[in-house]
Each structure stands twice: as C-alpha cells, then as structure tokens.
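Below: one structure, written as structure tokens.
The values are calculated or read from the model by the stated rules, or taken from the named source; none is laboratory data. The shown structure was predicted, so the numbers you read here are calculated from the model rather than taken from an experiment. Positions of Cβ are backbone-derived with ideal geometry, glycine not excepted, and every protein chain shown enters the neighbour counts.
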Amino acid sequence: MNSATAYTAPLEATLEIKPATRLDIIDVSRRLAELWGEVAARFPRALFVSYHTTAGYVDPKLSTRLDHDPDRIRAFFSAVQRLFPPNAGYRHDELHLREELSAEQRGREPRNADSHLSYIGAGLTSCVTVDHPSRQPVWFVDLDGVCEGEKRQRRTTVVGYHREEPVTTRQIAVPVSQYAVDSLSLKDPRLGLFDELREEVARQGIVKGRIDVALGPEERNAGLTVIEYETLLMKHDLAEVLANPLHYMLEKGKHMLQDPRAIPSKTINYAKYDAVQVLNELMDALGMRESLVERVVNRLLAVPASRFLRMKRAISLPVFDHDVAGRGTIIEGEYQSPILVQWKRAQGATRQLQVTFVRFA
C-alpha cells in the first residue's frame, strides 16, 4: 500500500481514562496524538465518543468560546455544578425507591443525581465531531470522576476519517405525552424508533459513521440529550428543574439566604442573591459583560428551561462495526439512552425529528 492510500480508511482507537478528581478536564486530542503519532494529523475530522452518563465532551462551539482554555472550562463547569449541589435531596439518590435495582446494586449504586443534572445543564455530549482535531484540544469532562474515594475507569472511542457522506434523511414523528413537562426515551421499544434506525443502518451498509438526530425546525420548548433514563431522575429531579428553574435553585442551594445582611444593595432582591453569584461565575467563564448579568437576573423569574439549561436541539449516535467486522451497529454505553425532553406541551402530542444517516470514508 503506497503512502497516498495508506490511511484512506477511517482509523479507530479506544482510550482508557482515569480521572484524578471528581471534576476533571482531560484533553483527549493530546492522548490521541501520543497514541497515533504523526498519523493523527492526516485525518481532517474525527468522531469522539463517550460511553458514560456523567462524563462527556464539551461542545466545540463552547470550547471555542472559552478559547480552549482548561481554566475557563473548569470555571464554567464548576459554576454549573453549583446549580446542582450534591446530596440535595434528589429522588434519584433515594436508592430504596429504585425498584429497578437489586439489593446488591443498591449497595454500590452512586448517589450522583447532581452529576447527571450538571451533565444535562452544561450541555455535555456523548458524541462530538471535531474538525482538525490534531490542531486543537478536545475536552472530555468528568463530573463524577471520583466516587466515595474511588477513581472511575472511563473509556472513549475516537474514529479519524477523511470525509463524510450523508446517505439519507428521514422525517420521523414521535408521539409525546400531554404533560407540559416530560421526558421520553427514544429507545422505548413501544416507539419502534431504534428498530427503524438499526434497519436503515443495515440497509445502507454503513460500517463506520453516525446518525444525526435533530428536532424539526418548527419544534420549540424541547431538547435532546443522551443520558441515563432513570424514572426518578427524569420524572422528578429533571422535571423539577424544567418546571421552575429559579425555584429549583433556591430550594437546592444550601447556602442561599444564610446572611441577607451581607447581600450587596445593588442585588435586585435577596431571593436572587445566589443566582447572581452563579450567573456571575458563568458569565465570567464565558467572558460576558456584567451589565448582561444584571439584565439576565432582572428576567430570572421568567427564565424558561431553554435559557437555564444548555439543552441541545440535536444529538449524534455513533455507528461502528465493533461486534462484527464490516457490519455497523449503533454503539451505546450500558446506561445511555437518547432522550427527548419537553417543558411545554407539543401541538398534536407529537414532536418532529429529522434523522440523517452519515457514512465515514
């Protein structure tokens, strides 16, 4: 094989990551360069995949906005974590209510609802496509890297490739409930959606690629994420955030209103004090002006979930031939599920999805 064609086919690698702290920020592109050497620079694009629900990738647009600076990225995620403090009475963490867990599982299941909610709130993603990954950091963020003193073992897969070919696009209507605030696992077998996706991957002969799932352009007050679909987390903890973000902050923040006399007079009112501090940290991390912080706080009582959380309108599902060489399948972590979240009722009790199948070459 000559040098012109030696690296035409996509190249795949799976890396092991052991975080050093509960909140850890890791540059996977540097790890990849150490593994692939100069070969890494030959791929103009790469797909990065996390298999976890409390650890994932920073959206490239957010990373660019933060100048790919690990200190600014850490400051941003630290501020988001303050919105979801640990051990704040989450239903997900009441393990005796988790009927899906065995007695043995209850003994080792982490109480980490705060990390799941921070994952959603910060807009971490399980699957991200990066242009020229050898030229910039690609940040893997672990929000629960150390649990009860034990370091987690994480995995990530990277596929470098030269070009991508959109194969086909389908419009799919998904039935949703009449509840204003609700979430739906797109893997629910009653929908039949995942069966359709798997059949299309096989029909198109996609070996390595991805499936891009996006809300239709007319859809509002909804978002998509890939995370654990656990009933108490989705139906209670997340629903509480979506229904009233400010009330949630005031209820969960342990140190709010501890000393009203210490609150600066310029703050709009006592009840919003801690929100101001959190927003200040977020705005500092994002490099935004103080005047904008005050405008945001002025409107905080009316802030919808779409402004409170960095909910995404699109997600991607990786397709690799891990099980059988030459036969691509949708790849997912043990607890991962693509989830549609809404915070207002959908017209006609359906949501429109635009699904695009992409092949790597």
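Hey, could you check segment 72-119 for residues that are touching a Leu at 6+ places or on another chain (Cβ under 6 Å) and of a type in the set (D, E, K, R) and say which is modelled with the lowest pLDDT?
For segment 72-119, the residue satisfying everything is R106.
Given the condition within 19 Å of the chain's Cα centre (by Cα), over 19 Å from V146 (Cα atoms) and acidic (D, E), answer yes or no: does some residue in segment 50-72 qualify?
Checked segment 50-72: at least one residue is within 19 Å of the chain's Cα centre (by Cα), over 19 Å from V146 (Cα atoms) and acidic (D, E).
Can you tell me which of S78, S102 is small (G, A, S) and in contact with a helix residue (DSSP H, G or I) (Cβ under 9 Å, 6 or more places away or on another chain)? Let's see the steps before the verdict.
Numbers: S102 fails: in contact with a helix residue (DSSP H, G or I) (Cβ under 9 Å, 6 or more places away or on another chain).
That would be S78, the only listed residue that is small (G, A, S) and in contact with a helix residue (DSSP H, G or I) (Cβ under 9 Å, 6 or more places away or on another chain).
Please tell me if P245 is modelled with pLDDT of 65 or more and either more than 25 Å from T53 (Cα to Cα) or out of contact with any Leu (no Cβ under 7 Å at 6 or more places or on another chain) (or both). Outline the logic, then answer.
Numbers: modelled with pLDDT of 65 or more: yes; either more than 25 Å from T53 (Cα to Cα) or out of contact with any Leu (no Cβ under 7 Å at 6 or more places or on another chain) (or both): yes.
So P245 fits the description; yes.
Could you pull out the residue among D27, D93 that is free of Cβ contacts under 8 Å to residues at least 60 places away in the same chain, of a type outside the set (V, I, T), surrounded by 14 or more Cβ atoms within 10 Å (Cβ to Cβ) and touching a helix residue (DSSP H, G or I) at 6+ places or on another chain (Cβ under 9 Å)?
On the way: D27 fails: free of Cβ contacts under 8 Å to residues at least 60 places away in the same chain.
Criteria check complete, one pass: D93.
Which of the following residues is within 26 Å of R155 (Cβ to Cβ), in a strand (DSSP E or B) and touching a residue at least 24 places away in the same chain (Cβ under 8 Å): G333, G328? If you could, list the steps in order and put the result at the bottom.
Values: G333 fails: in a strand (DSSP E or B).
Result of the check over G333, G328: G328.
Looking only at segment 190-208, count every residue that is free of Cβ contacts under 8 Å to residues at least 12 places away in the same chain, outside any loop (DSSP other than H, G, I, E, B) and under 24 Å from the mean Cα position of the chain (by Cα) and tell me the total.
The qualifying residues number 1.
Matching residues to (1) crowded, with 19+ Cβ neighbours inside 10 Å; (2) hydroxyl-bearing (S, T, Y); (3) in contact (Cβ under 8 Å) with a residue 60 or more places away in the chain; (4) over 28 Å from L11 (Cβ atoms):
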{"site": "S50", "(1), (2), (3), (4)": "yes, yes, yes, no"}
{"site": "T53", "(1), (2), (3), (4)": "yes, yes, yes, no"}
{"site": "Y57", "(1), (2), (3), (4)": "yes, yes, yes, no"}
{"site": "T64", "(1), (2), (3), (4)": "no, yes, no, no"}
{"site": "H68", "(1), (2), (3), (4)": "no, no, yes, no"}
{"site": "A75", "(1), (2), (3), (4)": "no, no, yes, yes"}
{"site": "L97", "(1), (2), (3), (4)": "no, no, yes, yes"}
{"site": "H116", "(1), (2), (3), (4)": "yes, no, yes, yes"}
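Could you grab the pairs with beta carbons closer than 8 Å, sequence gap of 6+ or different chains, first residue in segment 169-186 and closer than 13 Å to R345 by Cβ and free of Cβ contacts under 8 Å to residues at least 12 places away in the same chain, second one β-branched (V, I, T) and surrounded by fewer than 17 Cβ atoms within 10 Å (Cβ to Cβ)?
Matching pairs, first to second residue: none at all.
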